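Any read-out appearing in this document is the output of simple, stated calculations on the displayed coordinates, not a laboratory observation. Just so it is clear, the model here is predicted, and its values are computed rather than measured. Counting neighbours? That spans all protein chains shown, and the Cβs are built from the backbone with ideal geometry, glycine included.
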């Protein structure tokens, strides 16, 4: 778009007003104020079949995090190499809406979004029966409408529900769960403030975030992303806690999928 | 990653060998290939290192520039990573082919190295909120034969050890603007403390066992691998599961345990080697690229 030379434009560099907040006004992220325990996940709202044009779609809300996913395909693959002759290809696109985070993001996909797309692809691939779709590609588009923490974990769940809603054959649903390690305590399903933590606390010991993707019925881990410096035993405990977190929410997602299937193909009236 | 095509018989041969702790070149499952490291190979950089791990060659150059610190952390400098997969490595990387792999490698490096305890970012600050040192770490892949992450992380650690940042003084001049003064002595520099810089270990799952430092052929037989970044104290800075397959949780625990053990044992010999190379000083014969 050409720039309007007659318009008086503001300063070249603009900064978010949040940077000028005095430190004592920044909310303390130490306790969850009794609303939920350290090991509890946030209650989740999940619905499938929202987008009429897509083959499959799902919407997920966990606390204030809102994620929508749509699945298109299987359609003919764009690039044809030899591997495509035998198995299908899964193409994932992870986007954050510019208004989703505290600081405005850009529309062009940044490196963080590309990284999240790659992580999403890695987590979903083991769950989908790609050998049943040779020479085809399945497109998964995830859009985060509001980022209140654990977006990768919830995006994985949302995407696998959308794939199931679209009738793509899968070995199992892929569920995601995130955890934030803060010293010796861990917070399951952290919100945005809990995930970023206190900037001072970043210098402390054992601070990190773990995101896990699990196939619950097969008990197989399809994705693991951990960052921040942690001891090895904290990491193993974190992985186990995330697995429990996935199992806790599994009935909710099952219900949402059953409801969507009943709506699409209602059982015959007796 | 550049891939080789293997027949089914070759894959079965590799898998059965790994089961008996014997790989194609006779190594055990947790042995590295022959590694050669040399620092200070490029004179225009502030720090550089070249590593060859078997047939994988990686060259790292670090340049330090003065920049503005990030608004959220005004009293710290930062590191910027860029990985260039050049067409020298394989013809697949020609044009924009290597871009996806390059972006994936850079992103993983950010996660592994850019946390506060690896490099003391506060030492890179010149004046809080206004000037700081930005270290541009540029990695060049010259030859690709598997295990890129491990080679890159060791080369980055060696290059950071070799980095010499000139000492700088900020002074106020008459109009209130800041003036930057570089000291006259070219040898008056600041060195970085690389004790806490982690090393990345990639473990590939082949059959029921895992393998460290996989070659391209071994990579083609493995469906999933775990990348783990370990410091000399045994703490873990980044863990990622990569690949198209899924892993049993027990395998993951086993692989992280093995990765931690292997990674921890890499640091001491590496630091010793770097200290020895440094102590040779001016008399050192540079091997460079032709050795």
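The relative contact order of segment B:162-278, computed from alpha carbon pairs under 8 Å that lie at least 6 residues apart in sequence, is 19 percent. The label-point distance for residue B:268 and residue B:86, in a model that sets each label 7 Å from Cα toward Cβ, rounds to 3.7 nm. Relative to the dominant Cα principal axis of chain B, helix B:249-280 is inclined by about 50°.
Taking a ≥ b ≥ c as the square roots of the eigenvalues of the alpha-carbon gyration tensor, segment B:76-192 is classed prolate because a/c is 1.5 or more and a/b outweighs b/c. Quick one: go through segment B:68-83 and flag any residue whose amide nitrogen is under 13 Å from the point 7 Å out along the Cα-to-Cβ line of residue A:111. The answer is B:78-83, whose backbone nitrogens lie closer than 13 Å to the label point. Whole angstrom only: what separates the Cα centroid of segment A:142-157 from the Cα centroid of segment B:228-264? Between the Cα centres of segment A:142-157 and segment B:228-264 lies a distance of 25 Å.
Modelled this way, with points 7 Å down the Cα-to-C-beta line, the labels at residue B:130 and residue A:76 are 6.3 nm from one another.
The value of relative contact order for segment A:141-270, using C-alpha pairs under 8 Å at least six residues apart, is 24 percent. When the Cα gyration tensor is reduced to axis lengths a ≥ b ≥ c, the ratio a/c is 1.5 or higher for chain B, and with a/b above b/c it is classed as prolate. With respect to chain B, whose longest principal axis is taken over its alpha-carbon atoms, helix B:99-113 is tilted by about 70°. Taking a ≥ b ≥ c as the square roots of the Cα gyration tensor eigenvalues, with a/c under 1.5 meaning rounded and otherwise prolate when a/b beats b/c, else oblate, which class fits the protein assembly as shown? Oblate, because a/c is 1.5 or more while a/b does not exceed b/c.
Taking a point 7 Å out from the Cα of residue A:250 in the direction of its Cβ, the residues of segment A:168-190 whose backbone N falls within less than 17 Å of it are A:170-178. Take the Cα of residue A:265, step 7 Å toward its Cβ, do the same at residue A:93, and the gap between the two points is 2.9 nm. Mean residue ellipticity at 222 nm, helices only, chain B: -9000 deg cm²/dmol; runs of at least 4 DSSP H residues each add -39,500 (n - 2.57), and the sum is divided by the number of residues. When you restrict to C-alpha pairs under 8 Å that are six or more residues apart and normalise by the size of chain B, the relative contact order lands at 19 percent.
Taking the longest Cα principal axis of chain B as reference, the axis of helix B:148-162 is set at about 30 degrees.
Rank B:234, B:177, B:77 by mean-square fluctuation in a GNM of chain B with C-alpha springs under 10 angstrom and give only the top-ranked residue. Judging by the Gaussian network model, the answer is B:177. First measure r as the distance between the Cβ atoms of residue B:172 and residue A:102, then evaluate 1/(1 + (r/R0)^6) with R0 = 41 Å and state the FRET efficiency to the nearest 0.05. That gives a FRET efficiency of 0.70.
Just checking the listed ones, B:183, B:265, B:52: in the Gaussian network model of chain B with Cα springs under 10 Å, the one fluctuating most is B:183.
Full-extension gain between residue B:31 and residue B:94, please, as 0.36 nm times their residue separation minus the C-alpha to C-alpha distance. Don't jump to the answer; show the numbers that get you there.
Numbers: separation 63, 0.36 × 63 = 22.68 nm, distance 3.22 nm.
Between residue B:31 and residue B:94, full extension yields an extra 19.5 nm.
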